[in-house]
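Peer 1: Below is one structure. I have some questions about it.
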Amino acid sequence: MQGVEEQCQGAIYTVEYACSAVKSMSNSGAYFKNIEGLLRHAISIKDQMSSLQSRSSVVTQAVPEPPSFSSS
């Protein structure tokens, strides 16, 4: 009789643990949405920085170096 009781208690624990895991997973949606938003923002900033960097290199290439004067 004790073996059956232990098996039942083990099964109950397993079901409770599984229910808890499912609840945790369903509540994590908000966190994943927050992470997604942060990643999108980071990608946007990276794209802006790349765009500015490419513009900067074009301007630097277009501007000639000023002549250097040596003092004697």
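Peer 1: Could you check the spin-label model distance between residue 18 and residue 68? Points 7 Å from the Cα along Cα→Cβ, value in nm.
Peer 2: The modelled label-to-label distance comes out at 7.7 nm.
Peer 1: Let me ask something else about it. With unit charges on the beta carbons (Lys and Arg positive, Asp and Glu negative) and the dipole taken about the Cα centre of region 2-51, which residue among 20, 41, 9 sits farthest to the positive side?
Peer 2: Value: 41.
Peer 1: Give the average over all directions of the projected area of the C-alpha convex hull of region 2-51, one decimal, in nm².
Peer 2: Computing the convex hull of the Cα atoms and averaging its projections yields 4.2 nm².
Peer 1: At 0.36 nm per residue, minus the direct Cα-Cα distance, what do residue 27 and residue 7 gain on full extension? Give it in nm, one decimal, please.
Peer 2: Once the chain is fully extended between residue 27 and residue 7, it gains 4.2 nm.
Peer 1: Please compute the length gained on full extension between residue 57 and residue 38, using 0.36 nm multiplied by the number of residues separating them and subtracting their Cα-Cα distance.
Peer 2: My answer for the length gained is 4.0 nm.
Bear in mind these aren't lab numbers, they're just calculated from the coordinates by the rules spelled out. Predicted model only: the values in this text are computed from it and were never measured. When we count neighbours, we look across all protein chains shown, and the Cβ atoms used for this are built from the backbone with ideal geometry, even at glycine.
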